[in-house]
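Notes for the one structure printed next.
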Amino acid sequence: MKILIDKIAHNHSATVDELEQILSDSECDEYLFSIADQVRHDSVGDAIHIRGLIEFSNYCKNNCCYCGIRKGNGNLPRYHLSVDEIIALAEKAKNYGYQTVVLQSGEDLSFDMNKMEKIIKGIKALDLALTLSIGEKTFEEYKAYFDFGADRYLIRIETTDKDLYHELDPGMSWENRHRCLCDLKKIGYETGSGCMVGLPKQTLRSIANDILYFKSLPVDMCGIGPFIPHPDTPLKDAKGKEFILSLKTMALTRLLLPKINIPATTAMETLYENGRVKALQSGANVVMLNVSDSDDRQLYNLYPNKAGSTGNTITLKNDFLEKVRQIGRTISTTKGSARDN
Ligand code: 5AD
């Protein structure tokens, strides 16, 4: 197994059988993590990029069975921020020294083109890199956001198992989600995708295919996290919580795509104390730290006990900086584009 891991790390390529084999064997997990850490060091260096995360709306028109902000969740109070509030949070991120902000929301139709133009131009005027993570749009909409100045876009494919996708995301189509990723790349965004690990009925082979999908696009950024069941969703009784398997999926993604940006995801930190640090030592080089106010953070409730949803944003930042210091890594002083890697 170690020889196979070395080969994949050297060639940055693997077959679906090889990936499945590594995912199914627990003997060499720590070895895989250490090799992914080495590849990360050699390919993107030791600096960690901090992104300021602004979760600006928990309204969503979709009904994804795993997600706590699904339209059908009547137990969740809904909020959305105003244009000025969003720009003020971007300013706060800038004052913290963050050089990228990530705007994330449910698919909230009230953010029309006019509002998006004000938000994007307002944030770009602060000389920040801007990542959008606001769901499925048309080519024309993506192009307009790009022309307003957005630099990057995140949209997870969630799973490459199309039947599973259609079961878990009623009313949506896998082909359309894939179309979104192709459009974003065509337009020129730094494009990010990713998946959840540990979904019900998801097989190791399908996770292996997810990794190959990221390689085939290829993505510039890739967020991988464990599925965590939410009590107010149809998947409340599902098992999920596959921390190690998520970490292995992330580490293998690093071996195949050495130069991309990979976040240590919040879902990893939620499942395991210091999960984010473990991820940063297993291939990840990015973290997203919330800059929203605590009340809103608690309502952006994708899954229960989401790490970083309480406490003040300066404390979150300082606690994280201390952890970075303890593991001997540095904080990036650049905007952290994957294209510069
Ligand atoms: N557990 C883990 N991740 C989730 N997401 C949504 N719901 C959950 C959950 N219950 C992830 C999806 C989505 C991202 C914003 O959050 O992958 O793309």
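Coordinate-derived values only; no laboratory data. Computed from a prediction, not measured in an experiment: that's the story for all the values here. Cβ atoms come from the backbone with ideal geometry, glycine included; neighbour counts cover every protein chain shown.
Let's see if you can work this out: charge +1 on each Lys and Arg Cβ, -1 on each Asp and Glu Cβ, no other charges. What is the dipole magnitude of the chain about its Cα centre, in debye to the nearest 20?
Taking the Cα centre of the chain as origin, the dipole is about 360 debye.
Taking 0.36 nm per intervening residue step and subtracting the Cα-Cα distance, what contour gain separates K7 from K335 on full extension?
That works out to 114.8 nm of additional length.
Starting from the Cα gyration tensor of region 192-341, take the square roots of the eigenvalues, sort them a ≥ b ≥ c, and report rounded, prolate or oblate (rounded when a/c is under 1.5, otherwise prolate if a/b is larger than b/c, else oblate).
Taking the square roots of the gyration eigenvalues as a ≥ b ≥ c, region 192-341 is oblate.
From the C-alpha gyration tensor of the chain, pull out the three semi-axes of the equivalent ellipsoid (sqrt of 5λ each), sorted largest to smallest, in whole Å.
28, 23, 20
Based on the Kirkwood radius over alpha-carbon pairs, what is the Stokes-Einstein translational diffusion coefficient of region 31-139 at 37 °C with 0.692 mPa s viscosity, in µm²/s?
206
Under 8 Å for C-alpha pairs, at least 6 residues apart: give me the relative contact order for region 286-341, rounded to a whole percent.
29
So for the pair Q21, D46, with labels modelled 7 Å out along Cα→Cβ, what separation do we get in nm?
So the two model labels end up 3.5 nm from each other.
Write out the trypsin sites (Lys or Arg not before Pro) in region 162-232 meeting two conditions: DSSP loop, and at most 14 other Cβ atoms within 10 Å of their Cβ. Mind dumping the intermediate values first?
On the way: sites: K162, R177, R179, K185, K186, K201, R205, K215; in loops: K201.
Counting only loop positions with at most 14 other Cβ atoms within 10 Å, the trypsin sites (Lys or Arg not before Pro) in region 162-232 are K201.
Can you list residues whose amide H is under 5 Å from R51's amide H, if they're 5+ apart or on another chain and H is modeled 1.01 Å from N?
Excluding prolines and chain starts, which carry no amide H, the hits are V287, M288, L289.
Return the equivalent ellipsoid semi-axes of region 236-315 as a descending list in whole Å, where each equals the square root of 5 times an eigenvalue of the C-alpha gyration tensor.
Equivalent-ellipsoid dimensions as semi-axes: 24, 17, 10 Å.
Ignoring everything except DSSP H segments at least 4 long, calculate the 222 nm mean residue ellipticity for the chain; use -39,500 (n - 2.57) per segment, divide by total residues, nearest 500.
Computed ellipticity for the chain at 222 nm equals -13000 deg cm²/dmol.
Using the charge dipole of the chain (Lys, Arg: +1 at Cβ; Asp, Glu: -1 at Cβ; taken about the Cα centre), state which of N62, A284, W174 has its Cα farthest towards the positive end.
Highest projection toward the positive end goes to A284.
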